[in-house]
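Heads up, the thing below is written out as structure tokens.
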Amino acid sequence: MKNNLSFFCLMFIAHFSYGQNMSKLDSLLPVRGFCIAAPQAQNVDRFIDFMKNDLHPNHINTLILRVDYNYQYESYPNLGDSGALSKTNVKKIVAEAQKLNIRLIPQINLLGHQSWASNLGKLLAEYPEFDETPHVKMPEKYEWPNEDGLYCKSYCPLHPDIHKVVFSLIDEIVDVFEADAFHAGMDEVFYIGDDNCPRCSGKNKAELFAGEVTKIRDHLAARDKELWIWGDRLLDGETTGLGMWEASINGTYPAIDLIPKDVIICDWHYERAEPTAAYFALKGFKVITCPWNRPDVAKDQLSQILELKKTANTRISERVLGMVETIWRDPSAFLNDYDQKKGSENQAGDVLCTKALFEGLSDLIK
């Protein structure tokens, strides 16, 4: 009897201690996330296994799924990719996420990223009238840099019919994922306010960008949903030295003072642990730091967040929500690499970065 009592006492103490540590982790990093493209329909079960066996045990509580056109939309069937996810596929993911207490946030890239390399995305392929730069033709062989400054196409935010389509897609994807937030992308927008656009020419680019963010935010807010975006277009690339990729040199950065403060900023930096989370928090935004493929940078970013949470006043520190690891390749390729039993030196940077974040989170509850 004594032995049994001692065992149960130890189990209670261990459980109580774990609960306290998890409470501490929730306080330090309310958002512990993972961002990846949604799986193809044939890989849904494997992806669910990853959620169950890897994300959840490693304390991930937020999953941003970049869906884009990998879904069989009912409102616009012509915009679904071939072999896209069905509603049944999505509901399997949703059910597992709910079971694991993982918050699902679907993403559709809006404004920018309407093409990639030599290929138009579904939206502009189906509705070429939405193209901000129809005079820029897609090359047979894409190279960067190029004379047209083409990285990715954008849609025209002032086209009178664009939001009828975009808002229908948002509503449908938010509903099927049973989500309380939506990620609109909006990173790396190089084409905006083009001189040849009959609607945007001559207009202030920061006001154009802010106007589009605000329209999307207001549409979501009417349904009590949050808007999340990447933060690079809100940073001054010249003053900060961050340049044209991780920040803006085309005039959009003053939009930071024009958009609603309840937009959640995903602040991505991959080469160094830039201190911009503090900047966004000082500006009044809730912010999440996002690494990719360099474990040393991810560790520095985590340390930076924890130091900010420790030293800043409450109004600042409570806006610093946590971290989201980002994956920028096909999810099956990532999982193939992640599942390798080889030594860590043989794995790709995004896998090593993911595992470094997992280790960092585990260390916080020891």
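Structure notes:
- One residue stands out among those in the stretch 195-206 that are surrounded by fewer than 20 Cβ atoms within 10 Å (Cβ to Cβ) and not hydroxyl-bearing (Ser, Thr, Tyr): the one that is nearest to Gly231 (Cα to Cα), which is Asn204.
Every residue, every condition in (1) small (Gly, Ala, Ser); (2) under 16 Å from Trp230 (Cβ atoms); (3) surrounded by 15 or more Cβ atoms within 10 Å (Cβ to Cβ), yes or no:
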{"residue": "Lys299", "(1), (2), (3)": "no, no, yes"}
{"residue": "Leu306", "(1), (2), (3)": "no, no, yes"}
{"residue": "Pro331", "(1), (2), (3)": "no, no, yes"}
{"residue": "Ala348", "(1), (2), (3)": "yes, no, yes"}
{"residue": "Asp363", "(1), (2), (3)": "no, no, no"}
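- Here Leu361 meets each of (1) among the hydrophobic types (A, V, I, L, M, F, W, C); (2) in contact with a His (Cβ under 8 Å, 6 or more places away or on another chain); (3) not in a helix (DSSP H, G or I) with one exception, condition (3).
- The residue pairs whose first member lies in the stretch 22-45 and is modelled with pLDDT of 95 or more, whose second member is surrounded by 18 or more Cβ atoms within 10 Å (Cβ to Cβ) and among the hydroxyl-bearing types (Ser, Thr, Tyr), and whose beta carbons are closer than 7 Å, counting only pairs six or more residues apart or on different chains, are Val31/Thr62; Arg32/Thr62; Gly33/Thr62; Cys35/Thr326.
- Residue match in the stretch 253-266 (condition: among the hydrophobic types (A, V, I, L, M, F, W, C), free of Cβ contacts under 8 Å to residues at least 40 places away in the same chain and surrounded by fewer than 22 Cβ atoms within 10 Å (Cβ to Cβ)): no
- Of the residues examined, Phe182 is one that is surrounded by 19 or more Cβ atoms within 10 Å (Cβ to Cβ), out of contact with any Asp or Glu (no Cβ under 7 Å at 6 or more places or on another chain) and not in a loop (DSSP other than H, G, I, E, B).
- Only residues that are closer than 23 Å to Asp218 by Cα and surrounded by 21 or more Cβ atoms within 10 Å (Cβ to Cβ) were counted in the stretch 267-297, giving 6.
- Within the stretch 85-121, restricting attention to residues that are of a type in the set (D, E, K, R) and within 23 Å of Leu227 (Cα to Cα), the residue that is surrounded by the most Cβ atoms within 10 Å (Cβ to Cβ) is Arg103.
- Only one of the numbered conditions (1) in a loop (DSSP other than H, G, I, E, B); (2) surrounded by 16 or more Cβ atoms within 10 Å (Cβ to Cβ) is violated by Glu74, and that is (2).
Residue-wise test of (1) under 26 Å from Asp236 (Cα atoms); (2) without any contact (Cβ under 8 Å) to a residue 24 or more places away in the chain; (3) of a type in the set (A, V, I, L, M, F, W, C); (4) touching a Ser or Thr at 6+ places or on another chain (Cβ under 8 Å).
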site: Gly112; (1), (2), (3), (4): yes, no, no, yes
site: Ser118; (1), (2), (3), (4): no, no, no, no
site: Tyr127; (1), (2), (3), (4): no, no, no, no
site: Lys164; (1), (2), (3), (4): no, yes, no, no
site: Asp175; (1), (2), (3), (4): no, yes, no, no
site: His183; (1), (2), (3), (4): yes, no, no, no
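- Within the set Glu212, Glu207, Glu188, Glu246, the sole residue that is in contact with a Pro (Cβ under 6 Å, 6 or more places away or on another chain) and either assigned to a helix (DSSP H, G or I) or of a type outside the set (Lys, Arg) (or both) turns out to be Glu212.
- Hey, His113 at pLDDT 95 or above, over 30 Å from Ser362 (Cβ atoms) and either in a loop (DSSP other than H, G, I, E, B) or touching an Asp or Glu at 6+ places or on another chain (Cβ under 7 Å) (or both) or not: yes
- Counting only helices (runs of 4 or more DSSP H) that sit completely within the stretch 291-340, those holding 3 or more residues that are within 18 Å of Arg66 (Cβ to Cβ) correspond to 331-338.
- Residue list for the stretch 23-55, filter: out of contact with any Asp or Glu (no Cβ under 7 Å at 6 or more places or on another chain), farther than 12 Å from Pro331 by Cβ, among the basic types (Lys, Arg) and not in a strand (DSSP E or B): Lys24
- Residue check: Arg315 meets all listed conditions (1) without any contact (Cβ under 8 Å) to a residue 24 or more places away in the chain; (2) under 21 Å from Ala356 (Cα atoms) but one, namely (2).
The values are calculated or read from the model by the stated rules, or taken from the named source; none is laboratory data. The model shown is predicted, which means the values in this text are computed figures rather than measured ones. Methodologically, a virtual Cβ is constructed for each residue, glycine included, from the backbone with ideal geometry; neighbour enumeration extends over all protein chains shown.
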